[in-house]
Amino acid sequence: MLENCILLSLFAKENLNHMSEQQLNLYDRLINEPSNDWDIYYWATEAKPTPAEFENDVMAMLREFAKNKKREQRLRQPDLEYLFE
């Protein structure tokens, strides 16, 4: 779904390079295990409580990112060039 694509890709761009191996594994599990993309969105936006198996520091980082405290315009996914820097 578009909302998750934007949220997760911008989160990844901002955070992946700084994550530990454990955090990267948690992020990988988060984006690959839940069968319903809406669940991830609801957990990240705190519309629904996060299940215990996904409650960790990466989810906390994602929730904080979703708050968009800097009021950045987040209308599209980032270009992928950052992956090759």
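P(r) of the chain in 10 Å steps, Cα pairs, percent per bin?
Percent of Cα pairs in each bin: 16, 54, 28, 2.
Rounded to the nearest whole Å², what accessible area per residue is found for the chain with the 1.4 Å probe? Could the numbers behind the result be given before it?
Values: 5930 Å² over 85 residues.
Result: 70 Å² of accessible area for each residue.
Using a 1.4 Å probe over the heavy atoms of the protein chains, calculate the carbon and sulfur portion of the accessible area of the chain as a whole percent. Each step should come with its number before you reach the end.
On the way: 2880 of 5930 Å².
Looking at the chain in its full context, I get 49 percent from C and S.
How far apart, in nanometres, would the label points at residue 73 and residue 9 be if each is projected 7 angstrom from Cα along the Cα-to-Cβ direction?
1.7 nm
The values are calculated or read from the model by the stated rules, or taken from the named source; none is laboratory data. For clarity, every value in this text was computed on a predicted model and none was experimentally measured. Neighbour counts are summed over all protein chains in view; Cβ atoms, including those assigned to glycine, are modelled from backbone coordinates with ideal geometry. Remember, those area values only see protein heavy atoms, side chains included, never the ligands or the DNA or RNA. Shrake-Rupley method; radii C 1.70, N 1.55, O 1.52, S 1.80 Å.
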